[in-house]
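Novice: What follows is a single structure, and I will ask about it in a moment.
The values are calculated or read from the model by the stated rules, or taken from the named source; none is laboratory data. In this text the structure is predicted, and so the values were computed from the model without any measurement. FYI the Cβ positions are ideal-geometry reconstructions off the backbone, even for glycines, and counts take in every protein chain you see. For the accessible areas, the whole protein counts, side chains as well, though only heavy atoms, and no ligand, DNA or RNA atoms are used. Shrake-Rupley method; radii C 1.70, N 1.55, O 1.52, S 1.80 Å.
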Amino acid sequence: MFLYQIMKKYLFFIILIFAFSCGKYPNPRAYLKTINPDSVMKVSGTLEKDCEVEQIFVPNFPSKEKFLGTIDNVFDSLFVIKLETNDNSIIGNLDQVLIVNDTIYIRDWTKTKNICLFDMQGHFINNIGKVGNGPYEYVSPTDMYVTDDAVFVFDEWQHKIIKYKHDGTPIFDKKISFICNQIFPLPNGEFLFRGIDSQNYHLKDVLDHQFWLCDTSMIIRKIGLYRKNDEFVHFWNNNIFLRNKNEAYYYNDISDTLYFIDCYGNFLPKFYFNFPRNHSKECLRNSEKFNNEYISLVSYGFVEDILLYTLLENNHQIYIFENLKTKSIKVFTTWEVTKSNISRLLHFEQMKTTYKNYVVSTFPSYGILERYNYSLKDKENWWKDAPNSLYEKDMQLVNSVSEDDNDLLVFYRLRNDL
């Protein structure tokens, strides 16, 4: 009787814990019924034998050297899109930015959980889905992918993928039996998932592979890109798995190889990054090495024939632009500019996406005001070489934003002679 009273007293908490556990972890039985551990995605060629794999020789820059050029070595101009701020379009963080058919798609996973659409003038169009536990609703919009006819949203918390039309009309809501962090829908209706070890230890047969391929029923039928279980895998940001214009690339930092992923989910090695000094993954576990050596790529992207990749050295980022046709390389590490047609207030941040011959970055509205107020103390140095037209343009930007506005999208145009 005493035991019964205790169980009755704490029954609510037991049910709550059970419900939380069911929501957080996938059902292992769903996995056990579907996995085929002998099916491995094809990885074509090897670095030793495949002559189609092109080597990228990463330049060696001494840690103490401060040169490396300035931003105007790479960009000749920029323009800014101010994203409309209203009750429906408030964005806490621009965690993911995609531009498809001249429409801007923004995913804010960190704060508001909003997925917003804007036109190229920054006008708000509509939201995609909403936060909730019901059908076609999401709790944690961990990833997003946009095609010409649909928007795919991955909800890590509810282990499901939701497909919408561009106007927000839902199409399907499908559960998966595991936790991952990125998706890539293939043209045949199948999905490629970038898997992770954490919370997937019921998937013992697939943990030593970085990608899992599911059929249209979300059944795992292939695995690919072998790695030792728990070996470091790059999670600096989502650009390491680059998906754009129905194409996909993946940088495997274990082998320093950049793979192209075809429409069937096969991995084709395209580039091998030859680094100038030891950058083994042990660097991540050794703070002294981490501060003095390149640690793989932070991000990368393509703009026409230009490959942009970003490295870390001495805790600061190095931006490298390489023309894949001419093999010419330009580098910069600082935001300072000397050309008259680039803003003194906006410095280049980490690349979010690309658009035509532009590299797209973001900048907080409050940051514009902070930099301007700081510049008032030293105006002669800030606009010393700038003509009145540039000063007036920067002042227009300052006067057009407030601290509560959404972040700005900044489009940096590549130089023609790059």
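Novice: Restricting region 78-87 to residues that are surrounded by 12 or more Cβ atoms within 10 Å (Cβ to Cβ) and either at pLDDT below 90 or part of a loop (DSSP other than H, G, I, E, B) (or both), which is nearest to the chain's Cα centre (by Cα)?
Specialist: Leu83
Novice: Out of everything in region 235-259 that is over 24 Å from Tyr105 (Cα atoms) and in a strand (DSSP E or B), what residue ends up being modelled with the lowest pLDDT?
Specialist: Once the filter is applied, the top-ranked residue is Asn252.
Novice: What is the residue count in region 241-275 for residues that are open to solvent by less than 20 Å² (accessible area, probe 1.4 Å), small (Gly, Ala, Ser) and more than 16 Å from the chain's Cα centre (by Cα)?
Specialist: 1
Novice: Does any residue of region 171-181 turn out to be closer than 19 Å to Lys352 by Cα, under 17 Å from the mean Cα position of the chain (by Cα) and modelled with pLDDT of 90 or more?
Specialist: Taking every residue of region 171-181 in turn, none turns out to be closer than 19 Å to Lys352 by Cα, under 17 Å from the mean Cα position of the chain (by Cα) and modelled with pLDDT of 90 or more.
Novice: Let me ask something else. For Thr112, only one of the following conditions fails: (1) out of contact with any Ser or Thr (no Cβ under 9 Å at 6 or more places or on another chain); (2) open to solvent by less than 20 Å² (accessible area, probe 1.4 Å); (3) in a loop (DSSP other than H, G, I, E, B). What is its number?
Specialist: (2)
Novice: Out of the residues in region 308-353 meeting the condition of being part of a loop (DSSP other than H, G, I, E, B) and hydroxyl-bearing (Ser, Thr, Tyr), tell me which one is modelled with the highest pLDDT.
Specialist: Per the stated criteria, the residue is Thr326.
Novice: Then there is this: When you scan region 199-213, how many residues do you find that are open to solvent by 30 Å² or more (accessible area, probe 1.4 Å) and in a strand (DSSP E or B)?
Specialist: Looking only at that region, the number is 0.
Novice: The conditions are (1) charged (D, E, K, R); (2) part of a helix (DSSP H, G or I); (3) exposed (fewer than 14 other Cβ atoms within 10 Å of the Cβ), and Lys393 fails exactly one of them. Which is it?
Specialist: Just one mismatch for Lys393, condition (3).
Novice: Something else now. Among the residues of region 96-105, which ones are touching a Phe, Trp or Tyr at 6+ places or on another chain (Cβ under 7 Å) and either over 17 Å from Gln182 (Cβ atoms) or open to solvent by 50 Å² or more (accessible area, probe 1.4 Å) (or both)?
Specialist: Once the filter is applied, which keeps residues that are touching a Phe, Trp or Tyr at 6+ places or on another chain (Cβ under 7 Å) and either over 17 Å from Gln182 (Cβ atoms) or open to solvent by 50 Å² or more (accessible area, probe 1.4 Å) (or both), region 96-105 yields Ile99, Ile104.
Novice: Let me ask something additional. Quick one: in region 142-198, which of the residues that are of a type in the set (Phe, Trp, Tyr) and part of a loop (DSSP other than H, G, I, E, B) is least open to solvent (accessible area, probe 1.4 Å)?
Specialist: Filtering region 142-198 for residues that are of a type in the set (Phe, Trp, Tyr) and part of a loop (DSSP other than H, G, I, E, B), the one least open to solvent (accessible area, probe 1.4 Å) comes out as Phe178.
Novice: Same structure again: Filter region 120-134 down to the residues that are at pLDDT 95 or above and either among the aliphatic types (A, V, I, L, M) or open to solvent by 40 Å² or more (accessible area, probe 1.4 Å) (or both) and list them by number.
Specialist: Passing the criteria: Met120, Gln121, His123, Phe124, Ile125, Asn127, Ile128.
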